[in-house]
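Inspection log for the structure reproduced underneath, given as structure tokens.
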Amino acid sequence: MPPKREIPRLTRGSGRLLTFSDGVFAIAVTLLVLEIQPPHDFEHLVQGLRALWPSYLAYTLSFLLIGQVWVNHHVMFDRVRHVDRGVLFLNTLLLMVIAFLPFSTSLLADALRAEQGLRAAVVVYGGTLWTAAALFNIIWAHLRRAGLLDPGLGPCGARAIGRRFLLALVWIGSGVLVGAFAPIAGVVIIAGFLPTYYLPIRGEYGEDDRAP
């Protein structure tokens, strides 16, 4: 009796996931600028443009934040060997949150302009970002637990990336809590972690990139 031929196990690459994700990120940042409506009173155009400062502020903050999420999304998936259905589902949830950010941004800008409902607007805005950070942590934990990461990353890099993702969760959560009582301070706290999270993560390229 001839030996039974083994059927190779299916492995699903991350290429299509990244392509779809990049498309959602691109659409989200494009929608941000569409929320800025130009003034209709051209007789007082300069004053009208100045009055849009809350929209400019919210647009700039959200654009940089979405860009930061995109950067760290690549940091995470650059080290993924293949993905499973769990990763596809969790990444879909993350993209759903990112696609909601233009609404949260518009809400924050309108509240700043009206000087009303600002606490609620900051909580919704920060809560959207916190949910994205939570999903980052869940996806990373799943990738590590399911053995889907590139072994070349090494435990040092995996822990460093995980710490960065966890810190974002605490940082944004602090901004949301403060924003519920002092909304401007909450926005400042949320914006404060932008410079840090654009910096490279020690060990993200593998164990050999550690400083001596």
With respect to A109, is the statement that it is surrounded by 15 or more Cβ atoms within 10 Å (Cβ to Cβ) and closer than 23 Å to I201 by Cα true? no
Neighbours by Cβ (under 9 Å, 6+ apart or cross-chain): first from the stretch 41-54, closer than 24 Å to T105 by Cα; second at pLDDT below 85 and of a type in the set (D, E): Q47/D41; G48/D41
Taking the condition surrounded by fewer than 18 Cβ atoms within 10 Å (Cβ to Cβ) and on the phi > 0 side of the Ramachandran plot, does G152 pass? no
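Of all the helices (runs of 4 or more DSSP H) wholly in the stretch 1-97, which have at least 2 residues that are farther than 28 Å from G127 by Cα and at pLDDT 85 or above?
So the answer is 45-50.
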Suppose the filter is surrounded by 15 or more Cβ atoms within 10 Å (Cβ to Cβ), under 16 Å from G13 (Cβ atoms) and of a type in the set (A, V, I, L, M, F, W, C); does V87 pass it? yes
Given (1) farther than 21 Å from L107 by Cβ; (2) at pLDDT 90 or above, L149 misses just (2)
Residues that are touching a Phe, Trp or Tyr at 6+ places or on another chain (Cβ under 9 Å) and closer than 20 Å to A180 by Cβ, drawn from the stretch 83-110: L101, S104, T105, L107, L108, A109
Determine which single condition V124 fails, assuming it passes every other condition in (1) closer than 26 Å to A51 by Cα; (2) surrounded by 17 or more Cβ atoms within 10 Å (Cβ to Cβ); (3) at pLDDT below 95. (3)
Here are A146, A114: which of them is surrounded by fewer than 21 Cβ atoms within 10 Å (Cβ to Cβ), of a type in the set (A, V, I, L, M) and in contact with an Asp or Glu (Cβ under 7 Å, 6 or more places away or on another chain)? A146
Answer yes or no as to whether G15 is loosely packed, with under 12 Cβ neighbours inside 10 Å and over 22 Å from E115 (Cβ atoms). yes
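The values are calculated or read from the model by the stated rules, or taken from the named source; none is laboratory data. Keep in mind that this is a model prediction, so the values were computed, not measured. Here the Cβ is made from the backbone with ideal geometry for all residues, glycine too, and neighbour counts use every protein chain on show.
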